[in-house]
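What follows is a short report on a single structure.
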Amino acid sequence: LETDGGFVRVAGAYNIQRMIEVGATLLIFAENGVWALGGSDTGGFSATNQTITKISEHGTISPQSIVLVDGTVMFWADDAIYHVVANDVGQWSVKELSVNIRTLFQAIDPNDKVVCQGAFDSYEKKVRWLYNTRTDSVDSVTELVFDVVLAAFYPVIIGSTGTTGPTPIAPIQ
């Protein structure tokens, strides 16, 4: 029945990391891909009217890197940064965002990618991902910034404050 609630099985999803509602769609991020859960065009989502579509083979390794950006979503995978967008008719797709900085991204320690944390600054239109925040990391804390208006990346190195000073571990919205 439509009012009974129930369960939704995401066939093939392994280790679901996070779910984000974007409009009438629930995006499901797992280690092995991204799925979109929604309803039909006429009736919307309900217990008896649902569609689930795998939109990417690239999953996330860092649930805190997933950032909602003006009705789209950006996230870190082990090999690149990806952007989930809907076209004019509401079909979701995933494209690589970090093509031009692939060497920089692949040089980041995999352990730092796992604990990466992101936030979107809606006033400046910039996505900020903070990494190298582990206490055993040998590199300086770094912020990778994506300027949405310019469609450009740049790194920000956060200098050491000494052994007694605070170390940033997460971005603040």
Requested in this report: Only residues in the range 100-120 that are under 16 Å from Val145 (Cα atoms) count as the first member; pair them with residues that are among the polar types (S, T, N, Q) and surrounded by fewer than 13 Cβ atoms within 10 Å (Cβ to Cβ), Cβ under 6 angstrom, at least 6 apart or cross-chain, and list the lot.
Outcome: Ala119/Gln173
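Can you tell me which residue in the range 51-83 is surrounded by the fewest Cβ atoms within 10 Å (Cβ to Cβ), limited to those that are polar (S, T, N, Q) and either touching a helix residue (DSSP H, G or I) at 6+ places or on another chain (Cβ under 8 Å) or part of a helix (DSSP H, G or I) (or both)?
Step one: list which residues in the range 51-83 are polar (S, T, N, Q), which gives 51, 53, 56, 60, 62, 64-65, 72.
Pick out the ones that are also either touching a helix residue (DSSP H, G or I) at 6+ places or on another chain (Cβ under 8 Å) or part of a helix (DSSP H, G or I) (or both) and you get 62, 64-65.
Details: Ser62: 22, Gln64: 20, Ser65: 26.
Here the residue is Gln64.
Results for (1) modelled with pLDDT under 85; (2) open to solvent by 30 Å² or more (accessible area, probe 1.4 Å), shown as yes or no for each residue.
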| position | (1), (2) |
| --- | --- |
| Gly6 | yes, yes |
| Ala11 | no, yes |
| Gln17 | no, yes |
| Val22 | no, no |
| Ile28 | no, no |
| Gly33 | no, no |
| Leu37 | no, no |
| Thr42 | yes, yes |
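Can you name the residue in the range 95-153 that is of a type in the set (Lys, Arg) and more than 19 Å from Ala80 (Cα to Cα) and, of all such residues, is surrounded by the fewest Cβ atoms within 10 Å (Cβ to Cβ)? Lay out the reasoning, then the answer.
Step one: filter the range 95-153 for residues of a type in the set (Lys, Arg), giving 95, 102, 113, 125-126, 128, 134.
Next, only the ones that are more than 19 Å from Ala80 (Cα to Cα) stay: 125, 134.
Working: Lys125: 14, Arg134: 16.
The residue in question is Lys125.
The values are calculated or read from the model by the stated rules, or taken from the named source; none is laboratory data. Treat the numbers as computed from the prediction; the structure is a model and nothing was measured. Cβ atoms come from the backbone with ideal geometry, glycine included; neighbour counts cover every protein chain shown. Note: accessible area is taken over every heavy atom of the protein model, side chains too, but ligands, DNA and RNA are not part of it. Shrake-Rupley method; radii C 1.70, N 1.55, O 1.52, S 1.80 Å.
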